[in-house]
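Student: Here it is, the structure, as structure tokens.
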Amino acid sequence: MKRGAMLALAAAVLLSGCGPSAREPDNLALVRVLGVDGAGPVTLTGVCGGANQQDVSRGACVDETFGQARDRLPWSGTEELALTSVGYLLLGRDADLEAVLFAALEDRELGASATVWIAQEGAAAALEPCQDPATDLELLLRQDVQAPTAARALAALCTTGEVLLPVVGAQEGRLELQGEEVWTIER
């Protein structure tokens, strides 16, 4: 009888929610769009929000290489930025595309599934006026705009020496399609 009462009490405690639970850390914002300008020094701009996140946080930093700037970006905003949810890489024309793609594929947090875009006027300039750039880019993908993932873009660069990327620009506080551009590297 005692054993039954103890099991019932333990079950009641667990079902009432008094047991341990996993929670996300407080003050952690998930970067959805990562802007990259320059080849060295490199400017990174991280924008959080979109996809059911109410908070549109931002952060930016400059360092000598993509890797160094990437290491500093999480502490560049008003709250800690997490790069585990980057869905979009927005590159300025002066960015080193090949280096960024290799770094993204080597970084467990960034990963290979982020889509790659070119910013008409530079990534930081395109992202600044936009309230929710992740939603803008998602809408373009739903409209059948073809943006390769980082893995596919790097594969195209390594096999053919070129990749076709969509070009976006800021128009009235939103990112809108400006066209497409072939990005080439010399072999």
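Rule-based calculations on the coordinates, nothing more; no lab input. Note that the coordinates shown come from a computational prediction; the quantities given were computed from them, not determined experimentally. For neighbour counting, all protein chains shown are included, and Cβ atoms are generated from backbone atoms with ideal geometry for every residue, glycine included.
Student: What order do you get for 113-126, 66-79 when each peptide is scored by the mean count of other beta carbon atoms within 10 Å, highest first? Walk me through the numbers before you get to the answer.
Tutor: Details: 113-126: 22.1, 66-79: 16.8.
Sorting 113-126, 66-79 by mean packing, highest first, produces 113-126, 66-79.
Student: For the range 58-187, what is the charge dipole size about the Cα centre, in debye to the nearest 20, if Lys and Arg each add +1 at the Cβ and Asp and Glu each add -1 at the Cβ? List each step's numbers first, then the result.
Tutor: On the way: 9 positive and 23 negative charges, 49 e Å.
Its charge dipole is roughly 240 debye.
Student: Same structure again: Please say if the range 78-149 is rounded, prolate or oblate, where rounded means a/c under 1.5 for a ≥ b ≥ c the square roots of the C-alpha gyration tensor eigenvalues, and otherwise the choice is prolate for a/b larger than b/c and oblate otherwise? Walk me through the numbers before you get to the answer.
Tutor: Numbers: a/c = 1.24, a/b = 1.16, b/c = 1.07.
Judged from the Cα gyration tensor, the range 78-149 comes out rounded (a/c under 1.5).
Student: Another question, then. Students often check this: by mean Cβ neighbours within 10 Å, which of 36-46, 153-163 ranks highest, and how do the rest follow? Present the calculation step by step, with values, prior to reporting the outcome.
Tutor: Numbers: 36-46: 21.7, 153-163: 16.4.
Highest mean packing first, the order is 36-46, 153-163.
Student: So what's the net charge close to residue 166: Lys and Arg +1, Asp and Glu -1, counting the other residues with Cβ under 10 Å from its Cβ? The partial results should precede the final answer.
Tutor: Details: positive: none; negative: 180, 181.
Result for the local shell: -2.
Student: List every residue whose amide H lies under 5 Å from the amide H of residue 35, counting only residues 5 or more places away in sequence or on a different chain, with H placed 1.01 Å from N in the peptide plane.
Tutor: The answer is 45, 46, 47, 90.
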